[in-house]
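Trainee: Starting off with a structure, shown below.
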Amino acid sequence: MTAKWKEVSSYTGEEIEEDAPTNNAGSGAVSMPPDAMMKKKKKSLLDARTKSYKAHQAKLETARLKRLESKKSKFVEKVKESINDFNRESFLAEDNIDVMRSIVKNKQMKPIKFKDGKISVDMQTASMILQVLDKVNADNKVKLTKMVNGTKGQFMKVQGLVMKMIK
């Protein structure tokens, strides 16, 4: 006669139904006895002085270069080269009179570009120069616009003359 054992909970005294045995090999895990020990993996520290790390670093560098090369597009390179051929800067010369009109319109100080640098011009100065420029005859208007678009020194002369005229 064989004995049949029932597993009983020690807390409730009721029978326990198991879905699967404790040591189930069918779950994909390897069946091990309870006293078996797993081998501990050695922690290897990365040391930049070793030959193996230097070889690893070389592999990383080559992979990085390959990624950068694959990201570069021939189309992008052609576009960058063709942009340099346009040379539109010579056509974009701003007229300082227009800049001063925008200063007066927006009531805001702006820098004005000259051949030898920049000067920030306030609204009051710009409006005075424009008032005088609008009132003078055609010959003087041409001379004043040349001076306003010339150098810093010429602009300061115009500004001084305008201040004297208005006062």
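The values are calculated or read from the model by the stated rules, or taken from the named source; none is laboratory data. All values derive from a computational prediction rather than experimental measurement. FYI the Cβ positions are ideal-geometry reconstructions off the backbone, even for glycines, and counts take in every protein chain you see.
Trainee: Which residue pairs have Cβ atoms under 9 Å apart, sit 6 or more places apart or on different chains, and have a first residue in segment 1-26 that is part of a loop (DSSP other than H, G, I, E, B) and a second that is surrounded by 10 or more Cβ atoms within 10 Å (Cβ to Cβ) and modelled with pLDDT of 65 or more?
Mentor: Matching pairs, first to second residue: LYS6/ILE16; GLU7/ILE16; SER9/ILE16; GLU14/VAL8; ILE16/VAL8.
Trainee: Which residue is modelled with the lowest pLDDT, if the candidates are limited to segment 102-119 and must be under 16 Å from GLY150 (Cβ atoms) and assigned to a loop (DSSP other than H, G, I, E, B)?
Mentor: So the residue we want is LYS115.
Trainee: Taking only pairs six or more apart or across chains, which ones have beta-carbon atoms under 7 Å, a first residue in segment 90-116 that is under 21 Å from LYS157 (Cβ atoms), and a second residue that is of a type in the set (D, E, K, R) and modelled with pLDDT of 85 or more?
Mentor: GLU94/LYS113; VAL99/LYS110; ILE103/LYS110; MET109/ASP122; PRO111/LYS118; ILE112/LYS118; PHE114/LYS152; ASP116/LYS152
Trainee: Taking ILE97 as the residue in question, decide whether it is at negative phi and not in a helix (DSSP H, G or I).
Mentor: In short, no.
Trainee: A follow-up question, please. When the residues of segment 31-76 are filtered to those that are over 23 Å from the mean Cα position of the chain (by Cα) and β-branched (Val, Ile, Thr), which remaining residue is modelled with the lowest pLDDT?
Mentor: Residue satisfying both the conditions and the ranking: THR50.
Trainee: Can you go through VAL104, VAL99 and tell me which one is β-branched (Val, Ile, Thr) and touching a strand residue (DSSP E or B) at 6+ places or on another chain (Cβ under 6 Å)?
Mentor: Checking each option against the conditions leaves just VAL99.
Trainee: Something else now. What number of residues in segment 128-153 are surrounded by 15 or more Cβ atoms within 10 Å (Cβ to Cβ), touching a residue at least 24 places away in the same chain (Cβ under 8 Å) and not hydrophobic (A, V, I, L, M, F, W, C)?
Mentor: Within segment 128-153, the first condition is being surrounded by 15 or more Cβ atoms within 10 Å (Cβ to Cβ), and the residues that meet it are 128-130, 132-133, 141, 144-145, 147-150.
Those left that are additionally touching a residue at least 24 places away in the same chain (Cβ under 8 Å): 128-130, 132-133, 145, 148-150.
This time we only want the ones that are not hydrophobic (A, V, I, L, M, F, W, C), so: 145, 149-150.
So the answer is 3.
Trainee: Would you confirm, using the coordinates I've provided, whether PHE155 is assigned to a helix (DSSP H, G or I) and touching a strand residue (DSSP E or B) at 6+ places or on another chain (Cβ under 9 Å)?
Mentor: It is true that PHE155 is assigned to a helix (DSSP H, G or I) and touching a strand residue (DSSP E or B) at 6+ places or on another chain (Cβ under 9 Å).
Trainee: Of all residues in segment 77-101, how many are surrounded by 10 or more Cβ atoms within 10 Å (Cβ to Cβ), more than 30 Å from VAL142 (Cβ to Cβ) and modelled with pLDDT under 80? Working first, answer last.
Mentor: Kept after step one, since they are surrounded by 10 or more Cβ atoms within 10 Å (Cβ to Cβ), are these residues of segment 77-101: 77-79, 83, 94-97, 99-101.
The next check asks that each one be more than 30 Å from VAL142 (Cβ to Cβ); those that pass are 77-79, 83.
Going one step further and asking which of them are modelled with pLDDT under 80, we end up with 77, 83.
Of the residues in segment 77-101, 2 are surrounded by 10 or more Cβ atoms within 10 Å (Cβ to Cβ), more than 30 Å from VAL142 (Cβ to Cβ) and modelled with pLDDT under 80.
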